[in-house]
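One structure below.
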Amino acid sequence: MDGHDTDDDPGDDGRSGPVTHDDTRWVGYVRADHRTGSIAALAGVFATRGVNVDSMATGDVHDDAGLVVVTFRAGERRARLLARTVERLPQVRAVLLRLADDERVRAAAVVRLPPGVAFQPPPEASVRWSGDTATGDPLLVEGPLADVELTVEAARAAGAHADAAVIQPPYA
């Protein structure tokens, strides 16, 4: 960590001052019971501790348990406290917390550019991709989250008018 944890004094409940630009971006993978109230309980943990959720997506339901992927910004201490608190929820079966720039955090995206705009991912982005955007095909891109986001931003700068991304489940 960079030593810029912005927690003032989280005390027992993890509350502290406002989020700053120095906070680290995290991805939380939460395996929880697929039942009414699970998402609300999860969101409540973040809300009561003053942490804004950047994104929350559900899916990957197997055996009455679903995967919820949450992205947020927090200092390391607060992120670990959030993970421990979420783990204690009765509907939660498992929690995995990773830094968003961890190479194991994988994402996929679909990007649409105007016909005639030829686009390739930036050379520094370690992604797999397909699609001939010059002929109107969508760009399909997969790789580490940071590299997929870099590619989507470059496509937007080149004129992309639609995009969608998803963080993939953390398969072993």
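Comparing G66, G50, G116 in a Gaussian network model of the chain (Cα springs below 10 Å), the most mobile by mean-square fluctuation is G116. Restricting the stretch 94-147 to GluC sites (Glu not before Pro) that sit in a DSSP loop and have at most 13 other Cβ atoms within 10 Å of their own Cβ leaves E103, E124. Can you work out D for the chain in µm² s⁻¹ from Stokes-Einstein, where Rh is the Kirkwood radius over C-alpha pairs, the temperature is 4 °C and the viscosity is 1.567 mPa s? Calculated translational D: 74 µm²/s.
Across the stretch 24-99, the fraction of Cα-Cα pairs farther apart than 19 Å, rounded to a whole number, is 24%. Once the Kirkwood radius over Cα pairs is known for the stretch 106-167, the Stokes-Einstein relation at 25 °C and 0.890 mPa s delivers a diffusion coefficient of 224 µm²/s.
For L96 and A118, FRET efficiency with R0 = 41 Å and r from the beta-carbon atoms, rounded to 0.05? Computed FRET efficiency for A118 and L96: 0.60. Inter-label distance, V166 to T135: 2.6 nm, where each label sits 7 Å from its Cα along the C-beta direction. Based on C-alpha pairs under 8 angstrom that are at least 6 apart in sequence, the chain has a relative contact order of 22 percent.
Read the figures in this text as sums done on the coordinates, not as results from a lab. From a predicted model like this one, the values you see are computed outputs, not experimental measurements. Backbone-built Cβ (ideal geometry, glycine too); neighbour counts: all protein chains shown.
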